[in-house]
Amino acid sequence: MYDAKHEADAARLFIAGSWRVGEGREVGPVFNPATGDTIADVPLATAADLDEALAAADRGFVRWRASAVDERAAILHAAAGLLRERAEAIAALLTREQGKVIAEARAEVAGSAQLFDWYAEEAKRAYGRVLVRPAGQRSIVVKQPVGPVAALSPWNFPVYLLAKKLAPALAAGCSVVAKPPEETPACTTAFVRCLIDAGVPGDVIQLVFGVPDTVSRHLLASPVIRKVSFTGSVPVGRHLMRLAADGLKRITLELGGHAPVLIFADCDLERTLDMVVPQKFRNAGQVCVSPTRFYVEESIHDAFVRGFAERARALAVGDGADPATRMGPLANRRRPDAIAALVADAEAKGARTVVGGRRGEAGYFYAPTLLADVPPEAEIMGTEPFGPVAVTRAFATENEAVAEANRLPYGLAAFAFTENGRRANRLGDAIEAGMVGINSFAISVPDAPFGGVKDSGFGSEGGIEGFDSYCVTKAVHQA
Ligand code: NAD
């Protein structure tokens, strides 16, 4: 029987088929961001642990790549089933460690289960092709799993963003050494437990926590690892790419963004506001595709600011475990400091704080904030706030709005609100981003690619592209 109480205090490493904790390993503290209290420890892997995990993944790959695709698919479907069965317990751990409101935590677990179901089926469609050749000869092109994977995932969606790596990697036949974030170890331990209980062999998935730089250097220096997948910040992405270059390892980087939102006067303003405000404050703004830079057509700018502020003011902020809460705390103590500095800089450069602009009293809270008329030279116009802050500027023409949207080196997500179909087509073409949402925020779904351009990284997660990123292509010619 699954015991949530036990799990709540029980982050574990999973190496070579056994759950590990203690045994003299160093530990790190885990905090509840709603209170700032220390709630548990996370065991930190030693060099010997990492070597054992690598050796297991090396063995596991041989076994897993040879398994029947129906067997892998059945295990992934079973994992999806266990995630749904244990969703309540996993969501409670996620909220306790990460801070997001419980309804979002439940949705995160449900979305993760969907990924496993989708990739379980996609594994069966890893088709190659047969080339036209003279009678008696054959040339075929096949996809094969790339090899053991290092999966490095972040703390903002600790379950979902790990699932986005594990589901396609396992479906393709890869073994994985996963290092989820140390901030949220119990929910990811409970998640990996679902995979093990569903039948993923103990040498196919390895779960480690540790000092991030030590772990990633160790894993990326190993010839066992053939592919690295990282979600996180641009500087860390650059650093990992350099490490990956030494071993010529394939790498997928899903890095930061600074999503522009173009609001045209021909949009349905009330409906747009009802959509954008909850999206801005989802996960307290700690979302790589969070709508952040609102460029609003001059004639409706003031009405937009008023409507946004009214809705932001009405949001109930508090402990995510309380079902009445609509926005929880930030996930770690670094974030309120970073946001306060960006807001102070914007104010000093002439931005108007319409709502929010202050920290909470306990825990890692920061109020839902709207800064209006923010000058382009304010730091927040170029640095991802990764928090509950929206900024606005008025624009006069579509060309000006597109130029502003494309101004930054980031290119992850962008959004636009307009009822003009021709304009929608033009924007879809002109905006430099990996994902463009027009009158929609539904851009992270199992069957579509998700990933950035420019400094937001490269490679896709999700969709058939996400599956392909765990495959290599081979041509076999037979005369
Ligand atoms: P950070 O740059 O210190 O770390 C970002 C992530 O990378 C964390 O999960 C961290 O554990 C991990 N990390 C750090 N150094 C690493 C290393 N050497 N090897 C492997 N992993 C390493 O930033 P932070 O304060 O944790 O987060 C703030 C910034 O990170 C935000 O501004 C945002 O841009 C970015 N971020 C992006 C995403 C995303 O979904 N793309 C998620 C989380 C954080």
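The numbers here are math on the coordinates, done by the rules we state, and not lab data. Not measured: the values here are computed from a predicted model. With ideal geometry, Cβ positions are generated from the backbone for all residues, glycine too; neighbour counts draw on all protein chains shown.
Scaled against 2.2 N^0.38 Å for its residue count N, the alpha carbon radius of gyration of region 259-445 is 0.97.
Counting only lysines at least 8 places from Lys143 when in the same chain, those with an alpha carbon closer than 24 Å to its own are Lys124, Lys164, Lys165, Lys227, Lys249, Lys474.
First check a/c for the chain, with a ≥ b ≥ c the square roots of the eigenvalues of its C-alpha gyration tensor; if it is under 1.5, answer rounded, and if not, answer prolate when a/b is larger than b/c or oblate otherwise.
Numbers: a/c = 1.99, a/b = 1.34, b/c = 1.48.
It is oblate, given that a/c is not under 1.5 and a/b is not larger than b/c.
As a rough guide to protection, the peptides 151-161, 165-175, 433-443 ranked by mean Cβ packing within 10 Å, highest first, stand as 165-175, 151-161, 433-443.
In the chain, the DSSP-assigned H stretches of four residues or longer account for a calculated mean residue ellipticity at 222 nm of -12500 deg cm²/dmol, using -39500 (n - 2.57) per stretch and the full residue count as denominator. Taking GluC sites (Glu not before Pro) in DSSP loop conformation with at most 14 other Cβ atoms inside 10 Å as exposed sites, the chain has its longest uninterrupted site-free stretch at 27-360.
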